[in-house]
Amino acid sequence: MSQVFTPVSSPAAVGRTLGGSDIKTLVLASLGGALEFYDFVVFVFFALPLSKLFFPHDTAPWLAQLQVYGIFAAGYLARPLGGIVMAHFGDRQGRKRMFTLSVFLMALPTLAIGLLPVYASVGVLAPLLLLLMRVVQGIAIGGEVPGAWVFVAEHAPTGRVGFACACLTSGLTVGILIGSLTAAWVNHHLSPDDVLGWGWRLPFLLGGVFGFVAVWLRRWLSETPVFAALRERKALSRELPLRMVLTAHRGAVLMSMAVTWVLTAAILVLILMLPSLAQKSFGIAADKAFLGNSLAALGLCIGCLAYGWLVDRIGAARALLVGSLALVAGTYALFADLGAGGTHFLWLYALTGFLVGAVGVIPTVMVSAFPAPIRYSGISFAYNVAYAVFGASTATLIGYLAERAGPMAPAHYVAMTAAVSVVVALWLMRVRPSADLELAR
């Protein structure tokens with residue numbers, strides 16, 4: 001097994017606190033990531049109207065929704081392509097260039113989805129076009145998330161990498177919050193007929209505009225000090241970065257894929273899919289479901305920051321262990337309440353969202369697992385392949401299990417993945433019991 005931990009910071013950065021330049025980088029990177037992530041996830045908040053509009057009217061409702069989740073999953077299957085290509089050039093030519101390209105590639109298909117004709121107008125061409133736009137979105141997000149983690153981690157001073165990565169992750173989850181609030185607003189202010197007629201288009205058109213704003217924001221970011229130093233020392237990877245990842249760092253890849261599985265389950269099931277599950281499986285009203293989701297998304301944003309702060313104080317392994325166990329407890333409490341009628345749904349969903357913030361630990365584990373010359377490629381390959389496998393299957397699997405195996409099935413799935421992260425955390429504590437994970441600059 002390859003060496004899994006690589007120091008991240010230079011001696012010159014030791015003890016330095018977050019300064020004005022660091023804060024500017026975090027704010028601009030996080031805001032741009034939020035706008036791009038909104039574009040990617042808003043699709044799932046409108047799964048129900050899309051299932052009615054992009055498939056024949058005589059399709060069974062559960063099958064139409066399953067097909068929409070399949071198109072949603074296609075975005076995850078496309079992630080490795082975008083991630084591997086962008087990471088290759090990110091390790092060879094610079095982090096910033098790919099960081100900007102990814103958000104541009106996201107804005108175009110999101111805007112296009114808002115303009116697509118529906119099945120009643122063009123027949124089978126409608127779902128095919130929707131699928132194509134979703135694939136392009138997947139290519140874009142495949143380069144965005146790993147690149148964003150590398151970008152902020154390599155800008156952060158020693159002892160602040162955990163919080164910096166968590167800030168970026170929190171920023172990405174702000175995109176989920178914006179999507180949730182948008183869905184709540186649309187469902188509250190428009191009638192069901194208006195949503196089906198034209199209201200569903202508004203979030204995608206808005207997302208396209210958001211994307212181009214994010215492109216403009218990233219003009220003000222500078223290249224990471226780590227990459228600049230590698231380029232100056234002529235220490236960039238001379239081989240194909242991905243080849244080095246697969247030959248010399250397989251252990252880091254497997255560990256990163258394992259923790260990515262936990263991240264996909266927590267975000268997809270508890271944040272993105274639960275509003276629809278709460279309505280279909282537990283009879284929660286749409287307004288209440290999306291209000292709860294907005295509270296959960298806000299809790300997630302705060303939770304990421306809290307766990308990032310915890311990483312810099314007790315280490316990533318211990319923070320991951322605490323977070324995984326708390327996530328299991330919160331998930332079962334939420335689903336048990338839903339099964340009993342949802343009396344405490346809103347505040348339990350908000351609490352669960354906060355506990356999902358444990359995913360803010362995961363980027364620190366991954367950026368520390370690979371050396372700087374191949375860091376972008378290593379994270380991108382592990383993260384995107386795992387997301388393609390687990391993310392693509394989770395949406396369809398959970399939709400099927402909730403229909404066939406009972407409403408508690410999604411909670412059992414999350415608990416199973418959390419058990420994997422517990423094993424990873426215990427292993428990390430064994431191989432490096434007394435030190436935080438740090439980045440090599």
Checklist outcome for this item: Rounded to the angstrom and largest first, Cα extents along the principal axes for region 101-149 equal 42, 14, 11
Checklist entry - What whole-number value in Å² describes the accessible area per residue of the chain for a 1.4 Å probe? => result 36 Å²
Checklist entry - Say we join alpha carbon atoms closer than 10 Å with springs in a Gaussian network model of the chain; which of Met429, Met86, Met133 then has the biggest fluctuation? => result Met429
Checklist outcome for this item: quick shape note, region 273-327: Cα extents on principal axes in Å, largest first -> 41, 18, 12
Next on the checklist: Testing the spin-label approximation: label points 7 Å from Cα along Cα→Cβ at Lys24 and Arg97. State their distance in nm.
Outcome noted: 2.3 nm
Checklist entry - Under a GNM of the chain (C-alpha, springs under 10 Å), which listed residue has the highest mean-square fluctuation: Ser256, Ser294, Ser222? => result Ser222
Checklist entry - In the Gaussian network model of the chain, springs joining C-alpha atoms below 10 Å, which of Leu111, Leu295, Leu190 carries the largest mean-square fluctuation? => result Leu190
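Using a ≥ b ≥ c from the Cα gyration tensor of region 297-353 (square roots of the eigenvalues), is it rounded, prolate or oblate, where a/c under 1.5 gives rounded and otherwise the larger of a/b and b/c decides, a/b for prolate?
Judged from the Cα gyration tensor, region 297-353 comes out oblate (a/c at least 1.5, b/c at or above a/b).
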Item to check | Peptide ranges 66-72, 341-347 listed from the most packed, as the mean C-beta count within 10 angstrom indicates | outcome: 66-72, 341-347
Item to check | Zone of Asp193's modelled label, taken as backbone nitrogen in region 111-132 under 20 Å from a point 7 Å along Cα→Cβ | outcome: 118-121
Checklist entry - For the chain: lysine pairs with Cα atoms under 29 Å, gap of 8 or more or different chains, count? => result 6
Checklist outcome for this item: log10 I(q)/I(0) for region 258-359, Debye formula on C-alpha points only (no solvent), q = 0.13, 0.16, 0.21 Å⁻¹, two decimals, reads -0.43, -0.63, -1.00
Checklist entry - For the chain, what mean projected area does the convex hull of the alpha carbons give, in nm²? => result 19.2 nm²
Next on the checklist: Quick check on region 342-393: take the gyration tensor over C-alpha atoms, sort the square-rooted eigenvalues as a ≥ b ≥ c, and tell me if it's rounded (a/c under 1.5), prolate or oblate.
Outcome noted: oblate
Next on the checklist: Could you work out what % of the accessible surface of region 99-176 is carbon and sulfur, using a 1.4 angstrom probe and leaving DNA, RNA and ligands out of the count?
Outcome noted: 82 percent
Checklist entry - For the chain, what does -39500 (n - 2.57) per DSSP helix run (n ≥ 4), summed and divided by total residues, give at 222 nm, in deg cm²/dmol to the nearest 500? => result -24500 deg cm²/dmol
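The values are calculated or read from the model by the stated rules, or taken from the named source; none is laboratory data. From a predicted model like this one, the values you see are computed outputs, not experimental measurements. Glycine also receives a Cβ, built like all others from the backbone with ideal geometry; neighbour counts cover every protein chain displayed. Quick note on the areas: whole protein, heavy atoms, side chains included, nothing else; ligands and nucleic acids left out. Shrake-Rupley method; radii C 1.70, N 1.55, O 1.52, S 1.80 Å.
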